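The values are calculated or read from the model by the stated rules, or taken from the named source; none is laboratory data. All values derive from a computational prediction rather than experimental measurement. Here Cβ is always computed from backbone atoms with ideal geometry, including for glycine, and neighbour counts include all displayed protein chains.
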Amino acid sequence: MSSVFKILLPKYNQRSPCPLTRLTPGSTLTPHAIEVPMKSIVATLAFFLPVAVLVPQKARPPAQAGATPLLLEKNEGEVRLWRPEPGEVDPGGFILKVTPKANGSQHLVLVTEDDMPPGAAIPTHKHLEQDEIVLIEKGTIHAHVGDQERDLHAGGMVFIPQRTWVSLKNTGTEPASIVGIFSAPGFEDHLRCESVSAGEKPTTITRTEENECDRIGHVVYRDRGEKDPDVGAK
């Protein structure tokens, strides 16, 4: 095998003798062969190849450790019953479906609440560490989020950025059903704190217990005498 390669390069004619000179009308190019020693080519490749190999590649995000798929029917999941406030009768319940405890989810929490009777309400509160999406599956919900409010019906939705006041109320004439999706775990601890597992008898919850549940779940309720961390914050 020859140790010399011939490479055809354009050669300028006498009217454009300098290879760096821009061609002018009438200038012509003719092929010109130059000889390049094999060892020069090998040396060049040996220099650039490691550089190409060492170029950092964009790392793939790690898989969600420990999370497992879930296939649940409407009434399946962690069924819980609300603990009533003093004077409250049968406040109903909810189902925790996607949580770190249920399937190892580290990024989402999903809870459903069925059969909110007419007039039932979720009082004004704000989540300090999670965004939330509420999907209305059945009935009519009056939503008040930040400085916006309106009636929403089956198929409607509410997006609640973290640290935004929100309240929901069933203003219809039939029970309503909603789904809550949170952008990160945490609030499910509040929900468990204010409820009992299905099959247990709910005991009345005190204001002191509610305040502790709110602290655990990183949430502030406006009517519970809790400090709003955003008031006075720069």
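Taken over region 197-222, the criterion of being of a type in the set (Val, Ile, Thr) and in contact with a helix residue (DSSP H, G or I) (Cβ under 6 Å, 6 or more places away or on another chain) is satisfied by ILE216, VAL219.
Condition check ((1) charged (D, E, K, R); (2) in contact (Cβ under 8 Å) with a residue 12 or more places away in the chain) across all residues:
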residue: ASN75; (1), (2): no, yes
residue: VAL89; (1), (2): no, no
residue: GLY92; (1), (2): no, yes
residue: LYS97; (1), (2): yes, yes
residue: ASN103; (1), (2): no, yes
residue: GLN106; (1), (2): no, yes
residue: VAL111; (1), (2): no, yes
residue: ASP115; (1), (2): yes, yes
residue: VAL145; (1), (2): no, yes
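Please determine, by comparing only the residues of region 188-210 that are of a type in the set (A, V, I, L, M, F, W, C) and assigned to a loop (DSSP other than H, G, I, E, B), which one is surrounded by the fewest Cβ atoms within 10 Å (Cβ to Cβ).
Taking the candidates together, the pick is ALA198.
For region 200-234, a residue qualifies if it is closer than 23 Å to ALA184 by Cα and hydroxyl-bearing (Ser, Thr, Tyr), and exactly one does: TYR221.
Okay, residues lined up against (1) within 30 Å of THR204 (Cα to Cα); (2) at pLDDT 95 or above; (3) in the same structural domain as ARG207 (by TED's automatic domain parsing); (4) surrounded by 11 or more Cβ atoms within 10 Å (Cβ to Cβ):
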{"residue": "ARG60", "(1), (2), (3), (4)": "no, no, no, no"}
{"residue": "ALA65", "(1), (2), (3), (4)": "no, no, no, no"}
{"residue": "TRP82", "(1), (2), (3), (4)": "yes, yes, yes, yes"}
{"residue": "PRO91", "(1), (2), (3), (4)": "yes, no, yes, yes"}
{"residue": "ILE95", "(1), (2), (3), (4)": "yes, yes, yes, yes"}
{"residue": "THR99", "(1), (2), (3), (4)": "yes, yes, yes, yes"}
{"residue": "SER105", "(1), (2), (3), (4)": "no, yes, yes, yes"}
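In region 147-162, the condition of being surrounded by fewer than 17 Cβ atoms within 10 Å (Cβ to Cβ) and aromatic (Phe, Trp, Tyr) is met by at least one residue. Looking only at residues that are over 17 Å from the mean Cα position of the chain (by Cα) and crowded, with 16+ Cβ neighbours inside 10 Å in region 172-187, which one is farthest from ASP115 (Cα to Cα)? In this case the residue turns out to be GLY172.
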